[in-house]
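The values are calculated or read from the model by the stated rules, or taken from the named source; none is laboratory data. Everything quoted here is computed from the prediction, not taken from an experiment. Here the Cβ positions follow ideal geometry from the backbone for every residue, glycine too, while neighbour counts run over all protein chains shown. What goes into the accessible areas is simple: the full protein's heavy atoms, side chains included, and nothing from ligands, DNA or RNA. Shrake-Rupley method; radii C 1.70, N 1.55, O 1.52, S 1.80 Å.
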Amino acid sequence: MDKKQLIIDATVKVFSEKGVENTKISDIVKEAGIAQGTFYLYFPSKFSVMPEIAKLVVSMIIEEVDKNVNLTSNFQDQLEQLISAVFTLTDKKSKLFTLLYAGLSQSEHLKQWEDIYAPFYKWMFEFLERAKQNGDIREDINSARTAKLMIAIIESTAEQLYLYDESVDEEIELQFKELLSFVNNALN
């Protein structure tokens with residue numbers, strides 16, 4: 001593993017244990033097993049690691065949807081699988097998501113969000129384009145704009161359920177169904 005990746009992994013671990021505010025660079029380098037100067041070769045501050053953590057999260061999301069969305073299924077099933085994949089990952093990685101949002105909100109790196117999210121926007125754009133070509137959604141949908149809107153509403157709902165609220169399974173199921181219905185109606 002290269003040193004940059006060691007730093008990213010150590011930062012995630014230490015942020016998860018101590019929180020972003022209480023973490024010092026010395027904590028990160030101790031966890032990574034590197035000299036403090038080595039940290040500064042890659043990152044000017046602890047907050048500057050946040051975009052790399054965000055890239056890690058985006059790659060996890062894409063991996064999860066690739067693994068769980070069966071593109072040979074009918075569109076309704078694909079949509080359900082997509083929402084389920086984002087919900088599942090948000091639940092499984094809730095600590096990572098929480099620390100990411102806390103860290104990004106405290107730094108100037110929030111401006112990089114659009115670039116960091118570009119691979120997921122691309123995935124969703126292609127998903128919508130296939131659906132248009134197959135006649136599963138309206139032809140007048142602007143896939144680029146709708147991709148961002150869909151990601152926003154799916155992730156926002158998942159975050160509300162798994163990061164901010166203490167939701168019970170019944171509420172999660174109801175929100176899931178409502179979200180699926182909402183997105184379906186918007187696309188058709």
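Worth a mention:
- Net charge over other residues, Cβ less than 11 angstrom from the Cβ of Gln36 (K, R count +1; D, E count -1): +1
- Computed lengthening from Lys55 to Leu149, 0.36 nm per intervening residue step minus Cα-Cα distance: 31.9 nm
- For the chain, average projected area of the Cα convex hull in nm²: 11.5
- Computed over the chain with a Gaussian network model linking Cα atoms closer than 10 Å, the most mobile of Ser45, Ser84, Ser59 is Ser45.
- Simple spin-label estimate for Glu178 and Ser45 in nanometres, 7 Å along Cα-Cβ: 3.8
- Net charge of neighbours whose Cβ lies under 13 Å from the Cβ of Phe125, counting Lys and Arg as +1 and Asp and Glu as -1: +3
- Stretching the chain fully between Glu63 and Asp140 yields a gain of 24.8 nm (0.36 nm per residue, less the alpha carbon separation).
- Separation of the alpha carbons by more than 31 angstrom is noted, of Lys30/Lys92; Lys18/Lys177; Lys55/Lys132; Lys18/Lys122, for Lys18/Lys177; Lys18/Lys122.
- Carbon and sulfur %, accessible surface of the chain computed with the full protein complex present, 1.4 Å: 50
- Our estimate of slack between Asn74 and Asn185, defined as 0.36 nm per intervening residue step minus the Cα-Cα distance, is 38.4 nm.
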